[in-house]
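The values are calculated or read from the model by the stated rules, or taken from the named source; none is laboratory data. The structure displayed is predicted, hence computed values, not measured ones. Positions of Cβ are generated from backbone atoms using ideal geometry, with glycine treated the same way; all protein chains shown enter the neighbour counts.
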Amino acid sequence: MEDAGVGRARRGSPALLGRVAAFRGLPGPRLTLLPPLPLLLLCGPVLGELRAPPEKLAVIGAGIGGTSASYYLRQKFGKDVKIHVFERGKVGGRLATVNVEGQDYEAGGSVIHPLNLHMKRFVKELDLSTVQSVDGLMGIYNGEDLVFEESSWFIINMIKLVWHYGFQFLRMHMWIEDILDKFMRIYRYQSHDYSFSSVEGLLHALGGDEFTGMLNRTILQSLQKAGFSEKFLNEIVTPAMRVNYGQSTSINGFVGAVSLSGTDSGLWSVEGGNKRVCEELLQFSKALLISGSVMHIEEKARMTQTGGPKKAYEVTYKTDSGINKDLYDIVLVATPLNRKMSNITFLNFDPPIPEFHQYYHHLVTTFVHGRLNASFFGLMATDSLHLTDILTTDNPNLFINSISQVSPVKREADLQSKPATGSAVWKIFSSEFLTKEQLNLLFASHDSVQEKEWLAYPHYKPPEKCPPIILHDRIYYLNGIEWAASAMEMSAIAAHNAALLAYHRWYGNTEMIDQEGLYEKLKTEL
Ligand SMILES: Cc1cc2nc3c(=O)[nH]c(=O)nc-3n(C[C@H](O)[C@H](O)[C@H](O)COP(=O)(O)OP(=O)(O)OC[C@H]3O[C@@H](n4cnc5c(N)ncnc54)[C@H](O)[C@@H]3O)c2cc1C
Ligand SMILES: CC(C)=CCC/C(C)=C/CC/C(C)=C/CSC[C@H](N)C(=O)O
C-alpha cells in the first residue's frame, strides 16, 4: 500500500503478530506484485467464441460480494451486457457505518489485511484513499484480571511476551505466514482466468489436503497438534477468535488462521468507510442498481429474435412501487441463502435447489463515547487505563467479547492524538445487547450509546461442508465461501471466481474450470 494519501486510524484490533514480525527483523507482511490489470475491461469476448454473449445478468446483493461480482462480470462479458444488481437494504451490506456524535465509524467489516489484493486493487482502480490502522496497546482480560498488558516500550513488550509465552508468538507468526503464502496462489490462478466449481476445490488448489483438512478440524486441534501450549491458546488464540468471529477456538482451522492473520500489523481501511468500495464498484461496472428485494427465481423458456426457445431465469422482486419480474441469462446470488438473511425461494426446479438452513452468528456492536472504568478490569479505580484494546478469554461470566478504541472513517476527524486514558469512542463486541447496568460497570462515565445488531458470519462447527457454487445451470452462489472463512477479501475472491466460472461455462471453456496441478503449471509461467 502506498503511503501517499494514507491516513492512520485506531482500528479496534491488536497487531499481535505484527509486533513479532518486527521482533524477528522481518519487513512485516510481504507485498506481492498484483498481476497487471486486464486491459480488456470494456471489450467483448475474444474472437473465435461462437456462442452469442448473454444479454442480461442479475446479481442479488450489493455487498462487497455482489458489487465486486458486477465489476468482474463486466470485465469478462464486456461492455454490451446489461448487469442488474438487486439490493433490498443499503449498498455495502455488512460494510456499514454508524454515526456517533456527528462522526461515522465502521460498524461491520472494518479492517483489511495488507495482502488482500482484490481489496487493494479496488481502492487503486477506484481512486479511493486508505487509512492505516494504528497499533494501540492491547490487554487480555480473563473476567477477573488483566492477564497480559502491552507496554508502549518495544523492548519491554518483547521481554514480557517471551516471559509469558516463550517463542510461541514467533512460531505462530511462521505458521500463519506459511498459510498466507499458499493462500496468495489464488491471485495467480485468477489472473490467468482459472476458476473452480466448488469452495473445497478452490481451497485444494491453494494448499492441497492441508487446506481442505483445516475445514474438518478446529483451530484448537490444529494448534494443539502443532505443539502450542494451553496458556498460549487460552490467553492469545482464544481472545483473537472472540474479537474477530465472536466464537471460540472450536471454529474451523481455516477461518481460525484467517482470524489470526487479522492480528497482523499493516491492517488498513478505506477512507470514508469500506462501503465506499461497493458504491464505487457499482458505478465503475456500469451496473443498474435496483432497490428491491428478490423474492423468487424460476426457470422460464423465452423466444429469441431468431424464433428459437432459450432458457432464462425469471427474477421476481418487490420494490416500493410493487412486484416486478425480469428475465436473465445468468444469476449470481451474493447474499447468504437462508430465511433470515435473504428469504429467496427457487420455484419449480427439478431437482429442487436445496434450502440452506445455515446458522449465522448473532453479534451486537455497541459504540460508546465515554471513559473506561479501570476497576472493572481488576485495577484500582484510580488507576489510569492506558490500553486501547481489551480482548477477553473464554469465561462464561464475561458479557463482552472485546472493547476497543476506534477512530472515525474520515481522516480529518482522526482521534489519534487523543490520549487513551481520556474520553473516547469505544466499540464493544458482544453476543447480546448490553444492559444499562453492564454499561455502567464498563464505563466510569459515558454519554452517547449506539448499537447495531448483526447476523455477522457463519456459526462455525467443523467438519464444515461448504454449500455449492453452482446452484443450477447458470445460477451461481458466492456466499458458500463464508463457511471456509468470512471476510471482505473472501467475498471478492468468490465474486471473481463466480464471474470466471459463469463466463467459461457460458462459452464452454471447460479447460479453465477445476484444472488439476495449477500451481506446478503456472510456476513456470512468469
Ligand atoms: C461486525 C462485523 C465485523 C466484521 N469485520 C470484518 C473485518 O474487519 N474484516 C473483514 O475482512 N471482514 C469483516 N467482516 C466480514 C465481512 O463484513 C463480510 O464477510 C462481507 O462484508 C460479506 O459481504 P457479502 O457481500 O458477501 O455479503 P453482505 O454484505 O451481507 O451483502 C449481501 C447483500 O444482499 C442484500 N440482500 C439480501 N437478501 C436480498 C434479497 N432477497 N434481495 C435483494 N438484496 C438482498 C443484503 O441487504 C446485503 O446488502 C465483519 C462482519 C461483521 C458483521
Ligand atoms: C482473508 C485473509 C487472508 C485475511 C483477512 C484477515 C482479516 C482482516 C481478518 C478479520 C476478519 C474479521 C471478521 C474481523 C472482525 S473484527 C475486526 C476488528 N477487530 C474490529 O474491531 O472491527
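Assorted remarks:
- A search for C-beta distances below 7 Å between a residue of region 184-202 that is under 22 Å from PRO468 (Cβ atoms) and of a type in the set (Asp, Glu) and any residue that is in a helix (DSSP H, G or I) and modelled with pLDDT of 95 or more, counting only pairs 6+ apart in sequence or on different chains, returns ASP193/LEU500; ASP193/MET512; GLU200/THR212.
- Test: HIS446 is modelled with pLDDT of 95 or more, in a helix (DSSP H, G or I) and either over 29 Å from PHE349 (Cβ atoms) or not small (Gly, Ala, Ser) (or both): no
- Yes/no for GLU279 being in a helix (DSSP H, G or I) and under 27 Å from ILE344 (Cβ atoms): yes
- Check on GLU125, under 24 Å from the mean Cα position of the chain (by Cα), surrounded by 14 or more Cβ atoms within 10 Å (Cβ to Cβ) and away from ligand 2 (no atom under 16 Å from the Cβ): yes
- Being out of contact with any Pro (no Cβ under 8 Å at 6 or more places or on another chain) and more than 30 Å from GLU520 (Cβ to Cβ) is a property that does not hold for ILE219.
- Note on region 92-135: residues that are part of a loop (DSSP other than H, G, I, E, B) and away from ligand 1 (no atom under 13 Å from the Cβ) amount to 7.
- Selection status of SER491, within 13 Å of ligand 2 (Cβ to nearest atom), assigned to a helix (DSSP H, G or I) and either touching a Pro at 6+ places or on another chain (Cβ under 7 Å) or closer than 29 Å to GLY262 by Cα (or both): yes
- Residue check, GLY89 surrounded by fewer than 23 Cβ atoms within 10 Å (Cβ to Cβ), within 14 Å of ligand 2 (Cβ to nearest atom) and either modelled with pLDDT of 95 or more or part of a loop (DSSP other than H, G, I, E, B) (or both): no
- In region 236-269, the residues that are outside any helix (DSSP H, G or I) and in contact with a helix residue (DSSP H, G or I) (Cβ under 8 Å, 6 or more places away or on another chain): GLN247, SER248, THR249, SER250, ILE251, ASN252, GLY262, THR263, ASP264, SER265, GLY266
- Scanning region 319-340 for residues being in contact (Cβ under 8 Å) with a residue 40 or more places away in the chain and away from ligand 2 (no atom under 16 Å from the Cβ) gives a total of 12.
- Considering HIS357, HIS369, HIS361, the condition of being surrounded by fewer than 16 Cβ atoms within 10 Å (Cβ to Cβ) and at negative phi is satisfied by HIS357 alone.
- Of note, SER152 does not satisfy the criterion of being under 22 Å from PRO463 (Cβ atoms), of a type outside the set (Lys, Arg), assigned to a loop (DSSP other than H, G, I, E, B) and in contact (Cβ under 8 Å) with a residue 24 or more places away in the chain.
- Applying the set (1) crowded, with 23+ Cβ neighbours inside 10 Å; (2) within 27 Å of VAL333 (Cβ to Cβ) to VAL237 leaves exactly one unmet item: (2).
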